[in-house]
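K.L.:
Take a look at the following structure, please.
The values are calculated or read from the model by the stated rules, or taken from the named source; none is laboratory data. Keep in mind that this is a model prediction, so the values were computed, not measured. We place every Cβ from the backbone using ideal geometry, glycine too, and count neighbours over all the protein chains shown.
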Amino acid sequence: MLVLDFGSQYSQLIARRVREAGVYCELIAGATPWSVIRDRAPKALILSGGPASVYGEGAPLADPDALNAGIPVLGICYGMQLLAHQLGGRVVSAGKREYGPASVRVEEPASLFKNLPAELPVWMSHGDTILEAPAGFRRLAQSDNSTIAAMTDDAGRFGIAFHPEVIHTPQGREILQNFLYLVAGCAGSWKPEAFIEQATRAIREQVGDGRVLCALSGGVDSAVCATLVHRAVPGQLTCLLVDNGLLRRDERRRVEEVMARHLGIDLRAVDASDQFLGALQGVIDPEEKRRRIGATFIKVFEVEAASLHNIDFLAQGTLYPDVIESTSHDTVNAHRIKTHHNVGGLPADLRFKLVEPLRYLFKDEVRAIGAALGLPDDIVHRQPFPGPGLAVRIIGEVTRDRLDTLRGADWIVVDEIKAAGLYRTLWQAFAILTPLQSVGVMGDYRTYGNVVAVRAVQSEDGMTADWARLPYDVLAKISSRVVNEVPGVNRVVYDISSKPPSTIEWE
Ligand code: XMP
């Protein structure tokens, strides 16, 4: 399945829902020419929503050949209007924007709406509506505001005015599944194993007999990425663990143990902490930290690559949320929030070609693939860790002393969360070293020490998050251990902000 992306904030959710239904799916730019789409041989196309009006200046349109190619098409919201507009129907401004919950009455309980009730609660978000369906189309459902809430023709082309991908459309999953299984004839058999097979084939094709370098960070993404490349082109991969001095306690040893000893991957560990800490000296601004870390990382890489001879490719475990939030060419209308290290941090003159097999996956999908690849549980379920490491968890200047303090606190947070059996229920749990000093008392002495913040969040994919309601006794243990075991800390606070409006990391 290909989702043609017209800039909806939900485009990636569509892809995710399709994959949850066991159908492999990728996103491509909405205006991609049919010749390119045809080469990918999709069973059907989904046209995403988008912020534009089909009459707006520069409104993105689909290649008409793609719409008339004889493969099933499902247009969602803007995708439906575009289908109507490009096939000769009439789209008009609705006068009143239809936004939020609505109800649609199904008139033809077949195909898309098979086995569903006649009245469906749905989620709408559109300003235009379809006044006249194109020739050959008929109405399938209507709502109070959209006379045509769903339409189809005999060629298997569908339009729906609402969003089946969001949870506010409770039967959305069934509607998408009906399209995938009944209309497009997909089997729903896509599983991690199928992805592994497909990804290894694609890596083999891309890499040929070239040599690949992969940076291991200790996280599940880079581990899965390296394992995939190792499986695809054994003997052509060298992994590099850049110890940037910003890793968590014990991180490096664990990576070496699993990847080199357990999987037999050619792994070199380089201690570049002096270089990174030198580059970070005096830097306070979070984006500047990211930029310098990214630049140093590539410099170290290039030196190592040169010493390895003939490295052509750089394999990276970039995930879909990194791609979306960093505003890449993949998305039409995403807003830049933070420059994520493995996307925005790369300089333009990078001389490696990139291999990014996980680029369209969400974290939970990567974990499923890691498990299917046989990676150990502690790697597969390791919580995400940002590329710039502890540097974005030290507010203010990064120094060796402050890193030691944070490492000590971080270790205790994770240790207690694991002991309470909560580690896998949380997206992330970690400590932040604030730039604050506060007064305390220890024994009979006054102290003036660091304030450590604890952050624990629940999230599906890192794009939104809620602070975790950790049991008080777990928080109490963390607090007491941190102030007792980590020199220089005399106060612990708990962060109770959700994302949005906050972000998960403090920087
Ligand atoms: P935020 O702080 O943006 O974090 O809510 C969302 C997720 O992304 C991780 N994160 C990063 N990952 N490079 C990365 O590779 C970065 O610069 C970066 N900043 C945040 C963060 O840990 C969370 O899981």
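K.L.:
How about segment 255-282: which of its residues are farther than 14 Å from Leu240 by Cα and of a type outside the set (Gly, Ala, Ser)?
P.N.:
Answer for segment 255-282, where residues must be farther than 14 Å from Leu240 by Cα and of a type outside the set (Gly, Ala, Ser): Arg261, His262, Leu263, Asp274, Gln275, Phe276, Leu277, Leu280, Gln281.
K.L.:
Are any of the residues in segment 255-274 in contact with a Pro (Cβ under 8 Å, 6 or more places away or on another chain) and at pLDDT 95 or above? Write out each step before concluding.
P.N.:
Looking only at segment 255-274, we keep the residues that are in contact with a Pro (Cβ under 8 Å, 6 or more places away or on another chain), and these are 258, 262.
From what's left, at pLDDT 95 or above: none.
Looking through segment 255-274, none of the residues is in contact with a Pro (Cβ under 8 Å, 6 or more places away or on another chain) and at pLDDT 95 or above.
K.L.:
Could you grab me the full set of residues in segment 458-486 that are charged (D, E, K, R), surrounded by 15 or more Cβ atoms within 10 Å (Cβ to Cβ) and away from the ligand (no atom under 16 Å from the Cβ)?
P.N.:
If we filter segment 458-486 for residues that are charged (D, E, K, R), which is where we start, we get 460-461, 466, 469, 473, 477, 481, 485.
Checking the rest, the ones that are also surrounded by 15 or more Cβ atoms within 10 Å (Cβ to Cβ) come to 461, 477, 481.
Residues satisfying the conditions are Lys477, Arg481.
K.L.:
Further question: Looking at Arg252, Arg231, which is the one that is within 23 Å of Pro376 (Cβ to Cβ) and either outside the structural domain of Ala202 (by TED's automatic domain parsing) or in contact with a Ser or Thr (Cβ under 6 Å, 6 or more places away or on another chain) (or both)?
P.N.:
Working: Arg252 fails: either outside the structural domain of Ala202 (by TED's automatic domain parsing) or in contact with a Ser or Thr (Cβ under 6 Å, 6 or more places away or on another chain) (or both).
Unique residue meeting the criteria: Arg231.
K.L.:
Right, next: Could you please find all residues in segment 387-425 being outside any helix (DSSP H, G or I) and within 16 Å of the ligand (Cβ to nearest atom)? Write out each step before concluding.
P.N.:
Start the filter on segment 387-425 by keeping residues that are outside any helix (DSSP H, G or I), which leaves 387-388, 394-399, 420-422.
Listed by number, the residues that qualify are Gly387, Pro388, Ile394, Ile395, Val398.
K.L.:
Any chance you could count how many residues in segment 373-386 are of a type in the set (D, E, K, R) and within 16 Å of the ligand (Cβ to nearest atom)?
P.N.:
Kept after step one, since they are of a type in the set (D, E, K, R), are these residues of segment 373-386: 377-378, 382.
Restricting the remaining residues to those that are within 16 Å of the ligand (Cβ to nearest atom) gives 382.
Of the residues in segment 373-386, 1 are of a type in the set (D, E, K, R) and within 16 Å of the ligand (Cβ to nearest atom).
K.L.:
Looking at segment 165-280, what helices (runs of 4 or more DSSP H) fall wholly within it and have at least 2 residues that are touching a Leu at 6+ places or on another chain (Cβ under 9 Å) and touching a residue at least 40 places away in the same chain (Cβ under 8 Å)?
P.N.:
Numbers: elements: 172-177, 192-207, 220-232, 251-255, 273-280.
Answer list for segment 165-280: 172-177, 192-207, 220-232, 273-280.
K.L.:
Does at least one position in segment 488-503 carry a residue that is touching a helix residue (DSSP H, G or I) at 6+ places or on another chain (Cβ under 8 Å), modelled with pLDDT under 95 and within 12 Å of the ligand (Cβ to nearest atom)? Before the answer, list the steps.
P.N.:
Keep residues of segment 488-503 that are touching a helix residue (DSSP H, G or I) at 6+ places or on another chain (Cβ under 8 Å), which gives 488-492, 494.
Those still in the list that are modelled with pLDDT under 95 too: none.
The answer is no; no qualifying residue exists.
K.L.:
Then there's this: Output the residues belonging to segment 79-111 that are outside any strand (DSSP E or B) and over 17 Å from Met124 (Cα atoms). First the steps, then the outcome.
P.N.:
Our first condition is that a residue be outside any strand (DSSP E or B); within segment 79-111, this holds for 79-89, 107-111.
Listed by number, the residues that qualify are Leu83, Ala84, His85, Gln86, Leu87, Gly88, Gly89, Glu107, Glu108, Pro109, Ala110, Ser111.
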